[in-house]
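One structure is given here, and the rest of the page talks about it.
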Amino acid sequence: MGQQGATTIEQTGIGLHLGQTTQVRLILDSASKQRYFVRVDLPGQPHIPATLAHVGPTMLSTELGQGDAKIRTVEHLLAALSTNQLHGVRIEVDGPEIPLLDGSALGWVEAIATAGLVQSGSPWPEPWLLTQPITVFDGDAFVTAIPAPRLQFTYGVDYLYTAIGQQWHSWQPAQESFAQTIAPARTFGFADQIEQLRQQGLIKGGSLDNALVCDHQGWLNPPLRFANEPVRHKLLDLVGDLSLLGNLPCAHILAYKASHRLHIQFAQALASLQPQ
């Protein structure tokens with residue numbers, strides 16, 4: 001992955017939904033204050049900023065777009081970049097989807113650490129003060145934020161599959177390592193939904209090597225990395241989706257049974273309170 005102090009990283013792998021092999025090249029861009037994707041395989045190499053204004057469909061992943069150029073399944077990579085305070089990054093991709101790697105953010109986090117990527121130039125944006133609670137919901141699923149002295153995330157899930165059931169996890173970025181406690185958590189799915197999703201053109205690149213899969217009897221590919229690995233992965237997705245805000249408030253952000261769509265709706269609501 002290069003020498004200490006390197007300014008680039010390269011990773012190659014298969015995308016979860018489209019099943020295409022793509023190469024990603026991360027290049028520090030200290031002159032920029034944002035993360036942006038470049039589709040190097042398309043004419044003109046169009047840029048796609050990693051901002052809320054460029055969010056597209058959110059069916060089982062988060063997609064960004066600029067005009068006809070799209071980039072899919074960006075959340076794991078963005079979570080790794082944002083928690084490593086890498087905010088000026090050019091992300092070159094030679095296809096329409098970010099590689100899933102092992103289904104977690106661990107491959108990105110380890111590559112960043114191995115290369116010694118450290119942002120210079122523009123300072124990391126300071127957290128801003130949330131002065132009122134804010135909530136978005138859909139049925140009994142919700143994402144909410146309440147003012148707090150420091151940033152904290154809490155996530156809850158509740159599935160009919162007994163392998164998962166009810167799970168909760170809390171994470172305070174200032175006290176616990178993202179690399180150790182959140183990044184290794186892998187994406188997960190359900191055996192009885194695989195065929196239906198594939199008929200919809202989804203999870204073409206999914207396998208037992210890059211996703212946890214369970215049925216009503218248990219896990220098909222244990223062992224898990226954490227007893228509550230599924231809910232930790234949902235928290236990982238939330239961190240990646242909220243990175244599109246640029247910087248987060250001092251708040252306790254609590255999500256329950258949420259989706260990428262609800263994550264993005266919450267981020268958009270939060271943006272309306274963000275100081276300009």
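The residue pairs whose first member lies in segment 198-225 and is outside the structural domain of Asp158 (by TED's automatic domain parsing), whose second member is assigned to a strand (DSSP E or B) and modelled with pLDDT of 95 or more, and whose beta carbons are closer than 8 Å, counting only pairs six or more residues apart or on different chains, do not exist in this structure. Just for segment 173-190: of the residues that are surrounded by fewer than 14 Cβ atoms within 10 Å (Cβ to Cβ) and either more than 17 Å from the chain's Cα centre (by Cα) or acidic (Asp, Glu) (or both), which one is nearest to Asn247 (Cα to Cα)? Ranking the qualifying residues of segment 173-190, first place goes to Ala174. Being β-branched (Val, Ile, Thr), in the same structural domain as Leu208 (by TED's automatic domain parsing) and in contact (Cβ under 8 Å) with a residue 24 or more places away in the chain narrows it down to one of Ile146, Ile71, Ile91, Ile98, so name that one. Step by step, each of Ile146, Ile71, Ile91, Ile98 is checked, and only Ile146 is β-branched (Val, Ile, Thr), in the same structural domain as Leu208 (by TED's automatic domain parsing) and in contact (Cβ under 8 Å) with a residue 24 or more places away in the chain.
Leu160 satisfies every condition listed in (1) modelled with pLDDT under 95; (2) surrounded by fewer than 14 Cβ atoms within 10 Å (Cβ to Cβ) except (1). For segment 1-14, name all the residues that are at pLDDT 90 or above and either surrounded by fewer than 17 Cβ atoms within 10 Å (Cβ to Cβ) or in a loop (DSSP other than H, G, I, E, B) (or both). Hits for segment 1-14 are Glu10, Thr12.
For segment 205-236, the set of residues classified as surrounded by 16 or more Cβ atoms within 10 Å (Cβ to Cβ), out of contact with any strand residue (DSSP E or B) (no Cβ under 6 Å at 6 or more places or on another chain) and among the basic types (Lys, Arg) is empty.
Counting just the residues of segment 6-63 that are in contact with a His (Cβ under 9 Å, 6 or more places away or on another chain) and among the small types (Gly, Ala, Ser), which one comes out farthest from Asn247 (Cα to Cα)? By that ranking, first place goes to Ser61. Listed by position, the strands (runs of 3 or more DSSP E) contained in segment 44-141 that have at least 1 residues being at pLDDT 95 or above and of a type in the set (Asp, Glu) are 63-66, 89-93, 134-138. Residues in segment 100-121 that are surrounded by fewer than 20 Cβ atoms within 10 Å (Cβ to Cβ) and more than 19 Å from the chain's Cα centre (by Cα): Thr114, Gly116, Val118, Gln119, Ser120, Gly121.
The values are calculated or read from the model by the stated rules, or taken from the named source; none is laboratory data. Given the structure is predicted, the values throughout are model-derived calculations rather than measurements. Cβ sites come from the backbone with ideal geometry, for glycine too, and all protein chains shown count toward neighbours.
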